[in-house]
1. Hey, can you tell me all the residues within segment 141-191 that are aliphatic (A, V, I, L, M) and not in a helix (DSSP H, G or I)?
2. If you take the residues of segment 13-63 that are surrounded by 10 or more Cβ atoms within 10 Å (Cβ to Cβ) and of a type in the set (S, T, N, Q), which of them is modelled with the highest pLDDT?
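The values are calculated or read from the model by the stated rules, or taken from the named source; none is laboratory data. Fair warning: this is a prediction, and the values are worked out from it, not measured in the lab. FYI the Cβ positions are ideal-geometry reconstructions off the backbone, even for glycines, and counts take in every protein chain you see.
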Amino acid sequence: MKPSLKIMAGAIVPELVLSCANVLQAAESGSSAEQGAGTVFKWIHFFILTGVLIYVVRRYGRPHFRSKADAITEAIAKAAAAKAEAERHLQESIAKLNTLEQQVAQFRALAQQEATAELERLRAMTKIDAEKIGIAAKSEIEAAERAARVELKVLAAKLAVDRAEALVSKELTPAVQEAMINHFVQSLQGRPN
């Protein structure tokens, strides 16, 4: 039997049992002549009703129950498809979450490497700048030292000249000047031209 027929048979069987029970009860309580004719009419009535009932159930019940069964089957198929889609979305989300954690870890490691590289670069640039500043300062110090030495030499020479001039002017009296000039002239005379 098909599922819809099983349902219909399940609904019809109790009615048949009740009708048979009513016919048997009537048969036991009535007279035998009336009983025979009444029983036959009751059985005919019973078969007609049962036939009409079976016809109506088959004619209208079968398509109704089939459409219900098809709707239920379709709903189950849609639910299964929706469940499969939800499972797929869940798996994709879990995979994305797992890869997201890995990506975050990779980004952190990359950021740490870049920060370390940037720190080393800044240290190297600072060291180079410090060396350049040291070299420039040393050059400036050497230039200032040379300028100071030259200035000191000029000052020392000036002071020496001034001191010598002061000594010479103090010791160079008109008599000493005359003697020097005479001595110079005599040295010139003894020379051949």
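1. Restricting attention to segment 141-191, the residues satisfying the condition of being aliphatic (A, V, I, L, M) are 141, 143-144, 147-148, 150, 152, 154-157, 159-161, 164, 166-168, 172, 175-176, 179-181, 185, 188.
Once the filter is applied, which keeps residues that are aliphatic (A, V, I, L, M) and not in a helix (DSSP H, G or I), segment 141-191 yields only Leu172.
2. Looking at the filtered set, the residue picked out is Thr50.
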